[in-house]
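Have a look at the structure below, then the notes.
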Amino acid sequence: MKTFTRVLTLIVVLVLIVGTTDAQLRYGKLGIGVAGSAYLPTLDEGAVTATKPGILSPGLGMGGGLSFVYSPWEYVAIKGLFGVGQFTYQYQANSAAAKLPSTTTMATLNGYATVNLMPNSSFNPFLGAGVGYHYTDARTDKGAALVGAGSTRSDISILATGGFDIFLSEFISVTASADYAIMATDWIDGVKTGSNDSYLRAGLEIRYYFFDQAFLTRLLEALKNRYEK
């Protein structure tokens with residue numbers, strides 16, 4: 001029992017020491033966390049006519065999700081985000097119709113390749129690009145679907161991203177990022193005008209990083225030195 005307690009204490013001490021002196025994105029490092037998102041969609045706003053529907057008063061949407069990052073190399077990271085969000089607006093089917101409070105629920109599964117500009121620092125800016133898969137469900141407040149049967153509600157998105165990581169320790173980081181997504185569909189709001197929809201996403205993520213090979217090597221060396229004395 002004493003041996004177990006000593007080993008556990010040594011691991012905790014080593015984690016604290018390493019966490020305060022060596023915050024960086026080394027190769028082989030894996031981080032998993034939670035994300036909060038704010039969505040600003042580009043909707044099909046415009047004049048409503050007798051035959052043309054339109055969107056009025058679009059609002060900022062909020063959402064959340066899960067994220068991960070893996071660093072195959074110090075300067076390159078592979079990132080993923082699964083997110084769900086909602087935004088509201090007023091839908092008007094034609095100039096004689098009533099304005100209907102409406103909501104779009106959007107689920108996304110995004111993948112990114114990013115370049116770490118300062119991987120050996122506790123502050124790491126990054127830039128990247130990616131591709132995503134999205135599903136949207138536009139409905140009025142009465143539950144009526146705004147997208148007719150047979151219309152495509154899901155497709156891919158092309159993504160551009162940028163932001164920065166702040167490492168509070170080697171094992172915990174806070175990430176602020178911004179994405180711009182060009183969607184391959186024009187049904188995000190139930191209105192099709194001929195041009196694809198898009199959206200901006202601002203995100204805040206908190207991640208926990210698992211041990212990489214370098215940390216495990218130092219841990220084993222520390223244990224060896226401890227018990228060889």
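The values are calculated or read from the model by the stated rules, or taken from the named source; none is laboratory data. Every value quoted in this text rests on a predicted model; they were computed, and no experiment measured them. Note that we place each Cβ from the backbone using ideal geometry, even for glycine, and neighbour counts take in every protein chain shown.
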| Scope region 92-114; condition in contact with a Pro (Cβ under 9 Å, 6 or more places away or on another chain) and among the β-branched types (V, I, T); matching residues | T104
| task | Residues being in a strand (DSSP E or B) and buried (at least 16 other Cβ atoms within 10 Å of the Cβ): count how many of those fall in region 165-179. | result | 7
| field | strands (runs of 3 or more DSSP E) lying entirely in region 45-92 (those with 2 or more residues that are farther than 18 Å from H134 by Cα and among the hydroxyl-bearing types (S, T, Y)) | value | 61-73, 76-92
| Which numbered condition trips up S121, out of (1) in contact with a Gly (Cβ under 9 Å, 6 or more places away or on another chain); (2) modelled with pLDDT under 90; (3) within 20 Å of Y70 (Cβ to Cβ)? | (1)
| Counting only residues that are farther than 26 Å from R201 by Cβ and β-branched (V, I, T), which one in region 39-61 is surrounded by the fewest Cβ atoms within 10 Å (Cβ to Cβ)? | T51
| Just a yes or no: is a residue in region 121-128 out of contact with any Pro (no Cβ under 8 Å at 6 or more places or on another chain), in contact (Cβ under 8 Å) with a residue 24 or more places away in the chain, part of a strand (DSSP E or B) and hydroxyl-bearing (S, T, Y)? | no
| request: Mind listing whichever residues of region 130-146 are among the small types (G, A, S) and surrounded by fewer than 20 Cβ atoms within 10 Å (Cβ to Cβ)? | output: G143, A144, A145
